[in-house]
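Structure first, commentary second.
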Amino acid sequence: MPLFSNAFTVFRLAGFDVRVDPSWLLIVTLIVWSLSQGYFPLSVPDQTGETYLLLAIFGALGFFGSLVLHELAHSLVARRLGVKIKGITLFVFGGVAELESEPKTAGAEFWIAVVGPVTSFALAFGFWLAGALAQLLLTSNVVPALFSYLAFVNLLLAVFNMFPAFPMDGGRVYRALLWNKSGDLLDATRRASHLGTMIAYGLIGLGILSLMSGQGIGALWLIFIGFFVLASAKAAYQQTRITAGLKGKTVRDLMTSTPRCVRPDQTLEELVDETMLPYRTSFVPVLRRDKLLGYVDGEIIQQTDRDTWASTLVGDVLVPVDQSNAVAPDLALGDFLTRITKEKRRKYLVVRDGTLLGVITLADLIDYIGLLNALGPDATHGDPHA
């Protein structure tokens, strides 16, 4: 399941969908509450509650607008360097530009990663300058306080993102430097992920100590961020290992080349009793002599009334072969995995020039990836992009 499967698009910017995950609403609420009840009353005392609420709303919108610009910078540079972007998503821990694939070179990784914090530093300076001008031109401190907050939060965003905790921006810069030096993306990812894991444990430990000293929400937030960085670092390394393990492999390497097949004139009862149950298979190609017609599977059987199995022919219910359920034998496994993820289909016919060569399923990929994990890091070597 995709990480942000419940996110919805709110607008498009520079050709990218900007989406919001429902978890984002939680952080928006917390920020508006904390700014209206704490930060702005301290910064500009003697204002009305309505003024503090408006300042808090504009502050939250400015913060998340800054996040969008931060991620837009990543996206624009990635697009220029040939890396496709799924979109920009705001969620409970901030924002992310979702890359469809990893950068192909260490240089591309470096520039895509570093441009985000640079953008945040530029925004921090811009808001500081706007605040200074507002302080000179306006008699009220309300607007300068808003700009001051946005300058501070962008500076904090830039500094925090430069922590070398992979897969944050600083961690990706660190990985790019390691990758450039060694030429080995997998090892660079392993080392960057290890450092990110240590930083994550540090954040969790600091959060626990802060919580014990009574610091409340701030301490909990450190703990949550620590767990998020920890999970992200491990997942990113695992994904790179999988990419390395699949490098050079094609569908032909994992397909079942002699699948059990049935004729279209057989009944569903014969299909179940003579093929599916004896050979423990739920995905069966249908052939008329040597001509591939399509397939039947367990879902079709379940949707057919049991009382009609003996009179229903396979040819009456088969799914015809087409581009949606067929793959070529020379399709790279990495591309096949991407296709499975996008199409949500689990089983495919392997076809060349209309001839059935085999079948391949998500289970085949999972078994292979499980074997890679069981064999450990030494089972894969080198650069997945080489």
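Each reported figure results from applying straightforward, stated rules to the coordinates on display, with no laboratory input. From a predicted model like this one, the values you see are computed outputs, not experimental measurements. Virtual Cβ from ideal backbone geometry, glycine too; neighbours counted across all protein chains shown.
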**OP:** Of the options 183, 18, 56, report the single residue whose Cα projects farthest towards the positive end of the charge dipole of the chain (beta-carbon charges: Lys, Arg +1; Asp, Glu -1).
**Re:** 183
Subject >> Helical mean residue ellipticity (222 nm; -39500 (n - 2.57) per DSSP H run of 4+; nearest 500) of the chain >> reply: -18000 deg cm²/dmol
Original post:
Rounded to the nearest 5, what is the percent of antiparallel bridges among the DSSP beta bridges in the chain?
Top reply: 80
Original post:
Sorted by mean Cβ packing within 10 Å, highest first, what order do the peptides 123-132, 154-163 take?
Top reply: 154-163, 123-132
Subject >> Helix axis angle, 333-343 relative to the chain longest principal axis, alpha carbon, degrees >> reply: 80
**OP:** Treating cross-link reach as a plain straight distance, find the lysines whose alpha-carbon is under 19 Å from the alpha-carbon of residue 249, omitting any fewer than eight places away in the same chain.
**Re:** 104, 347
Original post:
Quick one: helix 49-80 against the long Cα principal axis of the chain, what's the angle to the nearest 10°, folded into 0 to 90?
Top reply: 50
Original post:
Where does the charge balance sit around residue 314 when Lys and Arg score +1, Asp and Glu -1, over other residues with C-beta under 15 Å from its C-beta?
Top reply: -3
Subject >> Environment charge of residue 260, counting only residues whose C-beta is closer than 15 Å and scoring Lys/Arg +1, Asp/Glu -1 >> reply: -1
**OP:** Determine the shape class of region 163-291: with a ≥ b ≥ c the square roots of the Cα gyration tensor eigenvalues, call it rounded for a/c under 1.5, and otherwise prolate if a/b is greater than b/c, oblate otherwise.
**Re:** oblate
Subject >> the chain: angle of helix 362-375 to the longest principal axis, Cα-based, in degrees nearest 10 >> reply: 70
**OP:** Take the alpha carbon atoms of region 320-372, find their center, do the same for region 115-174, and report the distance between the two centers in whole angstrom.
**Re:** 47
**OP:** Given the options 80, 241, 190, state which has the largest fluctuation in a GNM of the chain using a 10 Å cut-off (strictly under) for Cα springs.
**Re:** 80
Subject >> Whole-Hz ³J(HN,Hα) from phi, Karplus 6.51 cos²θ - 1.76 cosθ + 1.60, for region 147-164, glycine and proline x >> reply: 5, 4, 4, 5, 5, 5, 5, 6, 5, 4, 4, 5, 5, 4, 5, 8, 4, x
Original post:
Over the Cα atoms of region 1-74, what Rg and Dmax result, in angstrom?
Top reply: 15.1, 50
Subject >> Rounded Å value of the spacing that divides the Cα centres of region 185-234 and region 1-68 >> reply: 24
